[in-house]
Number of protein chains: 2
Amino acid sequence: MDEFLKVYNEQVAPLSQQQQGRAGTVLLTNRDTGKVLSVTFWGTKEDMESSESSGFYSNQIAKVASFLAADPVTERYDVTVQRIG
Amino acid sequence: MDEFLKVYNEQVAPLSQQQQGRAGTVLLTNRDTGKVLSVTFWGTKEDMESSESSGFYSNQIAKVASFLAADPVTERYDVTVQRIG
């Protein structure tokens, strides 16, 4: 987990923040199960799709792949409710 | 999905916002898969645990249970990164 977080913070997060239309990121971790949920919010569906079609998303996955015990699962959702703070 | 959202918005969300220590809510939905992720952020681990031990959490699940095709899965995480907006 620590090695994953180091690469995430140093190599993935800074680039992610520069992506067109990126509206936010939440990284959820559980050290007991070893499970990580990385949630990225996008301004539009097109922004999300661009992050995948450009190869950006798969490039970021590749950086952390060696720390993962299983293939990452990608899911896409509509943000139906968002109330933070 | 629509019935679920109606009950969620009218009967679950208003009560959730009044819970001690609640720091935010994100509801993610996918109409293609029918999958819903309800993410609640808490100020402290104790606030999260209280929402479960008080019966609040199971009471909210009970309200929407009839709209679910499978038993809901509950997972708990640390918020390692949170950048919204």
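No value in this document is a laboratory result; all are computed from the given coordinates. The structure presented is a predicted model; accordingly, all values stated were derived computationally and were not measured. Don't worry about glycine lacking a Cβ; one is built from the backbone with ideal geometry, like all the others, and counts go over all protein chains shown.
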Residue within the range B:42-49 that is among the polar types (S, T, N, Q) and over 17 Å from B:M1 (Cβ atoms) present = yes
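Tell me which residues, restricted to the range B:66-85, are aliphatic (A, V, I, L, M) and either under 15 Å from the mean Cα position of the chain (by Cα) or more than 7 Å from every other protein chain (Cβ to nearest Cβ) (or both).
If we filter the range B:66-85 for residues that are aliphatic (A, V, I, L, M), which is where we start, we get B:68-70, B:73, B:79, B:81, B:84.
Passing the criteria: B:L68, B:A69, B:A70, B:V73.
Do you know which of the residues in the range A:33-47 that are more than 16 Å from A:Y77 (Cβ to Cβ) and facing another protein chain (nearest Cβ under 9 Å) is surrounded by the fewest Cβ atoms within 10 Å (Cβ to Cβ)?
At the first step, the residues of the range A:33-47 found to be more than 16 Å from A:Y77 (Cβ to Cβ) are A:33-36.
Filter once more, keeping what is facing another protein chain (nearest Cβ under 9 Å): A:33, A:35-36.
Working: A:T33: 10, A:K35: 14, A:V36: 20.
Looking at the filtered set, the residue picked out is A:T33.
Taking B:S50, is it more than 8 Å from chain A (Cβ to nearest Cβ), surrounded by 15 or more Cβ atoms within 10 Å (Cβ to Cβ), small (G, A, S) and in contact with a helix residue (DSSP H, G or I) (Cβ under 9 Å, 6 or more places away or on another chain)? Spell out the reasoning first.
Numbers: more than 8 Å from chain A (Cβ to nearest Cβ): yes; surrounded by 15 or more Cβ atoms within 10 Å (Cβ to Cβ): yes; small (G, A, S): yes; in contact with a helix residue (DSSP H, G or I) (Cβ under 9 Å, 6 or more places away or on another chain): yes.
The answer is yes for B:S50.
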Report those helices (runs of 4 or more DSSP H) wholly inside the range B:1-57 carrying at least 3 residues which are acidic (D, E) and over 25 Å from A:T40 (Cβ atoms).
-> B:45-53
